[in-house]
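A.B. asks: One structure follows; several queries about it will come next.
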Amino acid sequence: MKTFLFCLAFAAGPILATQSLAQKLVDPKTVAPEYRAAAEKRKAEQRQQDCAHKAAAEQLLPRERAAFLVRCLETVDPK
């Protein structure tokens, strides 16, 4: 029984660790004014990374990737 629990903990460890390492999306409105510019920059980076992960999951060709990223960023952040 101990070996089973050890194997279960060993197998579940990386799964739980990746979920805990995921960063939540930064909200610049809740950050102190002196850090707001950095928070806005970080939020933009997070949106770009999210769209890049979606493009990788779709396994797009390089020529289609740019158009996909532009559409993704426009839907996430309509300016």
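The values are calculated or read from the model by the stated rules, or taken from the named source; none is laboratory data. Please read these numbers as outputs of a predicted model, since none were measured by experiment. All Cβ positions, even for glycine, are placed from backbone atoms using ideal geometry, and neighbour counts span all protein chains on display.
A.B. asks: Step by step: first the residues of region 40-79, then only those that are within 13 Å of Leu25 (Cβ to Cβ) and in contact with a Lys or Arg (Cβ under 7 Å, 6 or more places away or on another chain), then the one that is surrounded by the fewest Cβ atoms within 10 Å (Cβ to Cβ). Which residue is that?
C.D. replies: Only one residue tops the list, namely Asp77.
A.B. asks: Across region 1-36, which residue is farthest from Val70 (Cα to Cα) among those that are at pLDDT 80 or above, in a helix (DSSP H, G or I) and not charged (D, E, K, R)? If you could, list the steps in order and put the result at the bottom.
C.D. replies: Step one: filter region 1-36 for residues at pLDDT 80 or above, giving 27-36.
Pick out the ones that are also in a helix (DSSP H, G or I) and you get 28-30, 33-36.
Keeping just the survivors that are not charged (D, E, K, R) gives 28, 30, 33, 35.
On the way: Pro28: 23, Thr30: 27, Pro33: 30, Tyr35: 27 Å.
Step by step, filter region 1-36, then rank; the result is Pro33.
A.B. asks: In addition: Considering only region 37-60, I want to know if a residue exists there that is modelled with pLDDT of 85 or more and assigned to a loop (DSSP other than H, G, I, E, B).
C.D. replies: yes
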